[in-house]
Structures are given as C-alpha cells and as structure tokens.
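First the structure, in the form of structure tokens, and then the observations on it.
The values are calculated or read from the model by the stated rules, or taken from the named source; none is laboratory data. Please read these numbers as outputs of a predicted model, since none were measured by experiment. As a convention, Cβ positions derive from the backbone with ideal geometry for all residues, glycine included, and neighbour counts pool all protein chains shown. Ligands, DNA and RNA are stripped out before the accessible areas are found, and what is left, the full protein with its side chains, is counted by its heavy atoms. Shrake-Rupley method; radii C 1.70, N 1.55, O 1.52, S 1.80 Å.
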Amino acid sequence: MKIVAIVGARPQFIKAAAVSRSLKAAPGIEEVLVHTGQHYDDNMSRVFFQELELPEPSYDLAIGSGAHGEQTGRMLEAIERVLVTEKPGWAVVYGDTNSTLAGALAAVKLHIPVAHVEAGLRSFDRRMPEEVNRVLTDHASDVLFAPTATAVANLRREGFADARIHLVGDVMYDAALYYGTAVKSRSPLLEELGIEPKSYVLATVHRADNTDDPDRLRAIFDGLGKVAAQIPVVLPLHPRTRAALERYGMAEQTHRGLHLIDPVGYLDMLRLESNATLIATDSGGVQKEAFFCRVPCVTLRNETEWTELVDAGWNRLAPPTSSEAIAAALLGVIEAPHTAPADLFGGGHASEAIAQALLGVADRAPSS
Ligand code: UD1
Ligand code: UDP
C-alpha cells in the first residue's frame, strides 16, 4: 500500500521521523514524503532531515510563507497534483498547521482516505489558526490517531464514531525517547553557550497571538528580561518572532543574561530542554517535551490544548498580561516542589501502533 505523508513545518518533521521509521519496518507499506515548504530556512527544515534520518522528500513543493488563504491555497493546488500522480491508498497528515489542513483537504476531495496523527486536540479558541486547522482536518479524516484520552473525549463529543478513533499515544514521546539517547554525545550546545546544566531557563515564543500583539510580545520579553537578571534565559528565536521584534522596534534586547540564539536542531533542543531548570513556552510540542524531561513548564498563553499537564501540576498557564505577571509566574515555579506524575502520553510506541493500524485498514484503500 502506498502512503503519501504530507509535512511542511518544524514539528511535523519530528513527528514524521518517528512514524516514518515504523512505516519503513511495516511489511507492504511504501511511504512517499511530500514537503510543502512551509518552513524553508536550513535551521527550520534541512537540519531535521539531516539529524533525524528522515528520508529526503520525494516532492518539495517550495510554497514558502504567505497569508493563510494564499499559503493554504497554493499548497492545496500543489498537493492535489502530487496525489493525482501518486494515487496513494492513504494520505497521512500531522498536527495542526496550514500544511496539515491543505493535505487533508486535497486528499479528501480526491476520495483518498486521510489519517490524522495528533487528532482530537482542542484549545477551544477558534481565533487560533491551529484550532481551525485541527477541527477541519479531524472532520476531513477517516482515521483519527489520538495521542491522549482527552483527545479521544474531544472527538467523541464532536460525534466521531469509536471505530474511527485510535488511541495510540503521542509520536513526539516516541521521538523524544528515541533521539534522547543520542543527545549527550551529539549536542555540544551548552558548552558552546558557556552555560552549566540545571542553571538556566529555556524559553520559546512563536504563537501568532503573542508575536502579532505588541503588548503581549513586550510583556513576554520584558518579563523574561526580569527573570534573566536572576537566572540565565536561553531563547532560540523563531523567525516569526525575530521579524515581530524588528517590526515593533524591540529587536535590541539588552537584558543581561538573556541569550537570544538562532533556532536549533532537535538534538540541541532536547539537550537544552533536559538540562533546563524551567521551560517557558507557547509551543505545543515544547510543553510536552518539558514533561518528558520532567522539567516544570510555564505556558505563555491563556489556555492550552495539552490540559493534562496543567491538571498534573507540571504546567502552569501564564497569560502574557504584563512583564510582572510573566516574571512572577516563572520565578514562582522555579521554587515550587514537584511530585512525579503518571505517564500521560502512552508508552513510546505510538508510531508502531499507527503503522499497524494503517496496515489493518489497508483493505479500505481505493487503490494500492
Ligand atoms: C507554523 C504553524 C504553527 C506551528 C509552527 C511551528 C500555521 C498556521 N502555523 O507557524 O501551528 O506551531 O509553524 O513552528 O501553520 N519564516 C521564516 N523562515 C521559515 C519559516 C517561516 O522566515 O523557514 C517566517 C516568515 O516570515 C513567515 C513566518 O515566519 O511569514 C511565519 O511562518 P508560518 O509558517 O506562516 O507560521 P509559523 O509561525 O511558523
Ligand atoms: N524545536 C527545535 N528547535 C528549536 C525550537 C523547537 O528543534 O529551536 C522543536 C521542539 O523540540 C519541538 C518542536 O520543535 O519538538 C516544536 O515545534 P514548534 O514549537 O515550532 O511548534 P509547535 O509544537 O508549537 O507546533
């Protein structure tokens, strides 16, 4: 059975790397990888293919950046052409980006069954572009691979039949376990930065809600500056955020102890995460990786779709209302004690479960 897998943004390369390995090991599955080109800088794309042994994409659509409609529309057109040529049995899409929605929509219109990896996530905030992508992708999909029990409950609430829902666990946990073992030997980043393990805060910021609102952006960066006066803060800067800081005249961040660095590869990121005292982020993936590394997390948002980490006490929401609120949230968590919670994201075999499930539904495919 031929599967076309569609990726385009940084977190999708990591998810696809885990699943791709399992698809390769499954008898009778041929994977054709399509890169939409949503992310294209070397440190947002190429580095992941090199580090994670992800196969070179068979199609590099080079769509690039753009407004939502423009970017998604161009992807839709280009992905459709690939699907018409390849005639796969299934299309597989990951997560909640514009590449996810374009892949699902292109496939469903051609009557190619769609499998959605990381289905059922909901922030219940329709102003988030990702929330719209999640909801529409789930409803265009035939098979929904849910990472958590919460995701399953969300899907049931929206009327999905149980037969379409597969609770498989989180493929990002698979990736963190698999690549985590390579981290110490292959990532010299801490030494290069001159930072000692367990003596710094790691931060990431890229969510449109934070970067496109100058008040929120200023609250976050001034808040991180206050924290950096007490403990170093390392922040690999997403290109969206770098552009926003420049746009709003905030590019000159001179706070002592605030290390703004270029985006890093996944192995460097895992090393940064596992050695941090605390992680502050608005990223979906990084919230979970903080927990995988058993590092407490502050989420720089009003809400999160990964609610189980908040319930377990490992994640605290800090809406970026002011720099004081951000600094207080981060410095407060550093001092807080933590108990060990149960595993919430499966056993690290989500990718194998996905490959097996796809083999199991292969007879529903319209062509081989
Ligand atoms: C996208 C996803 C988001 C995901 C994130 C992962 C959507 C709607 N958003 O957000 O869900 O969390 O990826 O990182 O799909 N840029 C570059 N170089 C690149 C890529 C982007 O300079 O290689 C800049 C461009 O100015 C671009 C901006 O970043 O306009 C935003 O990129 P885009 O892919 O549209 O959205 P992300 O913020 O990356
Ligand atoms: N990541 C990375 N380098 C960085 C920042 C993040 O490799 O400089 C990884 C991170 O470890 C996680 C994924 O990218 O696996 C998360 O992607 P991102 O935060 O861009 O998107 P989200 O998960 O919010 O969709």
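Annotations for the structure displayed:
- Residues of segment 141-160 classified as open to solvent by less than 10 Å² (accessible area, probe 1.4 Å) and of a type in the set (Gly, Ala, Ser), total: 3
- Asp268 being over 15 Å from the mean Cα position of the chain (by Cα), farther than 25 Å from Val135 by Cβ, open to solvent by 20 Å² or more (accessible area, probe 1.4 Å) and at pLDDT 95 or above: no
- Within segment 83-127, the set of residues being basic (Lys, Arg) and either at positive phi or assigned to a helix (DSSP H, G or I) (or both) comprises Lys87, Lys109.
- Residue check for Leu270: out of contact with any strand residue (DSSP E or B) (no Cβ under 6 Å at 6 or more places or on another chain) and within 11 Å of ligand 2 (Cβ to nearest atom): yes
- Scoring Ile326 on the criteria (1) part of a helix (DSSP H, G or I); (2) surrounded by fewer than 23 Cβ atoms within 10 Å (Cβ to Cβ); (3) of a type outside the set (Gly, Ala, Ser) leaves a single failure, condition (2).
- Tallying residues that are under 24 Å from Asn302 (Cα atoms) and either within 14 Å of ligand 1 (Cβ to nearest atom) or open to solvent by less than 10 Å² (accessible area, probe 1.4 Å) (or both) within segment 102-133 yields 15.
- When residues of segment 77-92 are limited to those that are free of Cβ contacts under 8 Å to residues at least 60 places away in the same chain and more than 24 Å from the chain's Cα centre (by Cα), the one most open to solvent (accessible area, probe 1.4 Å): Arg81
- Boolean, Lys24 is in a helix (DSSP H, G or I) and without any contact (Cβ under 8 Å) to a residue 24 or more places away in the chain: yes
- Scanning segment 175-213 for residues that are more than 19 Å from Asp262 (Cα to Cα), assigned to a helix (DSSP H, G or I) and open to solvent by less than 60 Å² (accessible area, probe 1.4 Å) yields Ala175, Ala176, Tyr179, Gly180, Asp209.
Results for (1) open to solvent by 50 Å² or more (accessible area, probe 1.4 Å); (2) assigned to a loop (DSSP other than H, G, I, E, B); (3) closer than 22 Å to Leu177 by Cα, shown as yes or no for each residue.
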site	(1), (2), (3)
Asp215	yes, no, no
Leu224	no, no, no
Ile231	no, yes, no
Arg240	yes, no, no
His255	yes, yes, no
Ala276	no, yes, yes
Val286	no, no, yes
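- One residue stands out among those in segment 194-230 that are modelled with pLDDT of 95 or more and basic (Lys, Arg): the one that is farthest from ligand 1 (Cβ to nearest atom), which is Lys226.
- Taken together, Glu31, Glu70 contain a single residue that is open to solvent by 20 Å² or more (accessible area, probe 1.4 Å) and part of a helix (DSSP H, G or I), which is Glu70.
- Residue selected from segment 41-76 under the condition acidic (Asp, Glu) and without any contact (Cβ under 8 Å) to a residue 12 or more places away in the chain, by the criterion nearest to Ile29 (Cα to Cα): Asp42
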